[in-house]
Amino acid sequence: MTSPITTRREGDVLVVLSNNPPVNALGAAVRQGLDKAIDEAAADDGIKAVVIACEGQTFFAGADITEFGKMMAEPSLPVLVDKIEASEKPVIAAIHGTALGGGLEVALAAHYRIAVPSAKFGLPEVKLGILPGAGGTQRLPRVAGVEVALEMATKGDPIPATKAKDAGLLDRVTDGDLLTDAIAFAREVADARPLPRTSEAPVTLDPAVVEAFRKTNARRFRGLDAPNEIIEVIETTAGKPYAEGVQRERMGFMKLVMGKQSAALRHIFFAERKASKIDDLPEGTQPREIKRVGVIGAGTMGGGISMNFLSAGIPVMIVEMQQDALDRGTGVMRKNYEATAAKGRMTAEQVEGAMGLLKPTLSLDDLADCDLIIEAVYESMDVKKDIFGKLDTIAKPGAILASNTSYLNIDEIAAATNRPQDVLGLHFFSPANVMKLLEVVRGAKTAPDALMTAMAVAKKIKKVAVVAGVCHGFIGNRMLMPRQVEAMNLLLEGATPEQVDRVHVAFGMPMGPFQMADLAGVDIGWHRDPTRIESIRDALAAEERWGQKKGKGFYDYDEKRQPSNSPRVAEIIEDFRQKTGTPQHEVTEDEITERTLYTMVNEGARILEEGMAQRASDIDVVWIYGYGFPPYKGGPMFWADQEGLPKIVAGLEKHGFEVAKLLRDKAEKGEKFN
Ligand code: 3HC
C-alpha cells in the first residue's frame, strides 16, 4: 500500500506532504509516514529543516475519529507530536484549510507555523465529547495563554488566521504561495538555536480568570463531561512540567473517550453526514440548478425561509395576498438582519446585500422564472391544493414545487398538479432562519433528481437535511404526538405540568412539553369554539390561556416572562379529572420517562418499520437539530440503544402500550437501532 505521506528534497529542506483525502485525518498510515519522515530528516546530513504541509482541501483536520474505541496503531499521536518537537532540525508547519484537533496539535509541536489568511485553527474535540489528547491542553496555554486555551478547547469553535496570529499561534501569515514561503522560512530559521519548543515555555495561571470563565459558562456546560474536564486539566496542570501535564491530559482523554457522552457525540458527527446520503438514487443522478427561489407567504415561516436563501446569495421572490402583510413580512426580515448586524455578526453592507436580493410581489404569476418555489401558507389542504394547481400553470417546466407543511399529505398536494415528479415537502423548523434541521419529504412520485436537488439546496443554505416519507407529521412531529398525548394523560392522573417539564429538562431537553406548548401557543390548532371543551387544552384555550403571549397558559407569567405554577390550571385539571372520572395515583419520574420518552422511541421504531426514515441515525439527527434533544445523548434511538432495548420494551409494556414490532424484534435478538 502506498503511504499517504511523501517526502522530497528542496535543497537542504525536506518537504513532507500528506495526501489523505478528504480531510487529511491523522490515521495510522499518516502517523507512520510522518514518523518516518522525521527519522529521514534526522538521518540525512544534507537536510537542515523540515516543512510539513498537506495536499487537498485542508491541513490535518484532526485525529481519525473512526479509529476511536479501537486498538491504536503505533505511533500514537501523542508520541508522534513529541517526536516532532524533539527534532533537532527545525520543523515548520505550513497550514491551509483547517488545522483542527490533532492537526492543530501537530502544528503546535512544530517549531514554527506559517499559514495562509483563509486558514482556520481550532480544538473541536469537545464537540465529540473528548479533550485534545495529543498535548493540546498543554501546548496551547503555553503558546496563547490560559484564557485563549480555555475558550478554544471548551467551546471548540475555530478562529481565523488573523486572530491566531494575534494570539501567538502563528509566526507568519502569507499571501503568497504557501509551500514556497514555508520553504523560504525554513531556510531563514535553519541555523537558529535554541529551537523554540512549545512544551518548554512557561504557563502563568490567574485563578480568578479560571473562576470567572467557569462562572460565565456554567449554564452552557451544565451536564457536559468534556468542557468541565478540560477546564480542570488546564487549571490543575498549569505551572507543572509538560510531562506531568500530558499525563493528566491522557487520563482525562481516556476517561472521556470511554464515556457515554463521547460515544453519543461521535455518533451524531457521523449521523449528520450520513443523513445527506440517499441510498436508492439511480447512479449518475444530477441535481437541477437553482438560481432563483420563490416563497409563497411572508409570515413568520415564509420570512424565515426566505432569509436562508438571501443569506446564501440566492434571489428570492416573495408573494403575499395583501400589500400590508407583504410590507409587514419584509419589515420583519429587515429587522432580523439588522439585529444580527447590531450583534456584530453581519455588516451593514451585508444586510443591504441580502435585502437587495428580495423582490416582494402580490402576484403568483411573478414566480414564472423561479427554479424552486416553496409554499409557506397556513395548514389547510384546500388552500394548498389551490395554490399548487395554480403553480402548475405558472411555474416553468422543471421547477421544483415544495410545500412547507408540517403534517399534510404531500402526495395529495402533488396530485393537484400535472407534475407530481417535481413536488416534494421542505419542512423547515421555526425560527426557519436559525434552526438547522430540514425535513425533505419524498412523495410517492418525487423524481430522484428533484430529491437530490433539495438535498443540495439544503447544504447550500447550511441546513442538515433528512429525508422523510409521507406520513402524518413526518419524522419529528409524528414522534412528538405520543409524547404530547401522554403528557396530557399524566396531568389527569395526578402529575403537574411542572413535574413533567422538570423530568424533561433534567433529561437535557431545552424545555418540557408544557413549557413548549406555552411558547408555541396553546391555541395552535384549536377549533376556536370556547363552548366546546373536550380537553384540558380546550379549557385553557377557552379562557385565553394561550401561553407566553398572553402572560398565562399552563403556567402564569410575570412581566419578565418568568413562569410560576398556576392555581387556576390546577383547578382546570381537577375539574377535568372529575368530569372524566380518571383515578389519580402518585406519578413518579420513572413513569414520566417511560410514558413520554419511551413512547417516542416506540413511534420512531414504527417510522423505521414503515420505511418513513432511511435509518435510525436520521431520526436522531431530526431530534437533535429540530427539537433540541441533548446531543450528548445521541438522539432518541441512540439513547434507547444505550438504555437497552429490553428495558424500553418492559417500560412500555408496564403501562400497556403496544410495542412496535421492530423494537420488540431488536430487543429479543439483542440488536440495536444504531
Ligand atoms: N476523522 C475521520 N473522518 C473524518 C474526520 C475525522 N477527523 N473529519 C471529517 N471526516 C470525514 C467525514 O465523515 C466525511 O466523510 P464522508 O464523506 O464519508 O461522509 C468527510 O470526511 C468529509 O467531511 P465533511 O463532510 O465534514 O467535510 P466539510 O468539508 O464540510 O468539513 C471539516 C471539513 C471542517 C474538516 C469537518 O469535516 C470537521 O469538522 N471534521 C472534524 C474535525 C474534528 O473534530 N477534529 C478533531 C478530531 S478529534 C482529535 O483530533 C483528537 C486528538 O486531540 C487526539
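Heavy-atom accessible surface of H655, to the nearest 10 Å², is about 60 Å², with a 1.4 Å probe and all protein chains retained. Seen against the Cα atoms of the chain and their longest principal axis, helix 178-189 is set at about 40 degrees. By the gyration tensor of its Cα atoms, with a ≥ b ≥ c the square roots of the eigenvalues, what is the shape of region 495-583: rounded for a/c under 1.5, prolate for a/b over b/c, or oblate? Note, shape of region 495-583 comes out oblate.
Of K335/K436; K384/K459; K274/K463, which pairs sit farther than 23 Å apart, going by alpha carbon to alpha carbon? From K335/K436; K384/K459; K274/K463, over 23 Å: K384/K459.
Rounded, prolate or oblate for the chain? Axes are the square roots of the Cα gyration tensor eigenvalues, ordered a ≥ b ≥ c, and the cut-off for rounded is a/c under 1.5. Intermediate results must be reported in sequence, preceding the final value.
Numbers: a/c = 2.01, a/b = 1.55, b/c = 1.30.
In terms of gyration-tensor shape, prolate.
Close amide H partners of A25, meaning residues 5 or more places away or on another chain with modelled amide H under 5 Å apart, are A61. Counting 0.36 nm for each residue step from A28 to E379 and taking away their Cα separation leaves a gain of 121.0 nm.
I'd like the FRET efficiency for E283 and D665, computed as 1/(1 + (r/R0)^6) with the beta carbon distance as r and R0 of 45 Å, rounded to 0.05.
On the way: r = 32 Å, r/R0 = 0.71.
The pair E283/D665 has a calculated efficiency of 0.90.
Centre-to-centre, using Cα atoms only, region 315-366 and region 554-626 are separated by 36 Å. One chain, two ends: E211 and E571. Fully extended at 0.36 nm per residue, the span grows by 125.0 nm beyond their Cα-Cα distance.
The phi torsions of region 594-607, fed into the Karplus equation with coefficients 6.51, -1.76 and 1.60 and a -60° offset, translate into couplings of 5, 7, 9, 9, 5, 5, 5, 4, 4, 5, x, 5, 5, 4 Hz, rounded to whole numbers, with Gly and Pro shown as x.
On average, how much accessible surface per residue is there in region 12-166, in Å², for a 1.4 Å probe, leaving out ligands, DNA and RNA? It would help to have the intermediate numbers written out before the result.
Working: 5030 Å² over 155 residues.
Ligands and nucleic acids excluded, the result is 32 Å² per residue.
Calculated accessible area for region 256-390 comes out at 51 Å² per residue, all protein chains present (probe 1.4 Å; ligands, DNA, RNA ignored).
For region 113-139, the residues whose amide N sits under 20 Å from a probe point set 7 Å from the Cα of D177 along the beta carbon direction are 114-119.
Of all beta bridges that DSSP places with both ends in the chain, some 30 percent have antiparallel geometry. Taking 7 Å steps out from each Cα toward its Cβ at A368 and R273 produces label points 4.6 nm apart.
When nucleic acids and ligands are ignored and a 1.4 Å probe is applied, R214 ends up with an accessible area of around 80 Å². Here the simple spin-label model places points 7 Å from the Cα toward Cβ, and for K240 and R9 these points are separated by 4.5 nm.
Within the full protein context, the accessible area of V79 is estimated at about 80 Å² for a probe radius of 1.4 Å. To put it simply, the accessible area of the chain at a 1.4 Å probe is 53 percent carbon and sulfur.
Normalised per residue, the accessible area of region 495-583 is 53 Å², obtained with a 1.4 Å probe and no contribution from ligands, DNA or RNA. Each residue, T588 and E559, gets one label point 7 Å from its Cα in the Cβ direction; the gap between the two is 4.5 nm. Report summary: the helix-based calculation at 222 nm, which adds -39500 (n - 2.57) for every DSSP H run with n ≥ 4 and divides by the residues of the chain, gives -14000 deg cm²/dmol.
The values are calculated or read from the model by the stated rules, or taken from the named source; none is laboratory data. If you're wondering where the values come from, they're calculated on a predicted model, not measured in any experiment. A quick note on method: Cβ atoms are made from the backbone with ideal geometry, for glycine too, and the neighbour counts reach across all protein chains shown. When the accessible area is computed, the model is the full protein with side chains, heavy atoms only, and any ligands, DNA or RNA have been set aside. Shrake-Rupley method; radii C 1.70, N 1.55, O 1.52, S 1.80 Å.
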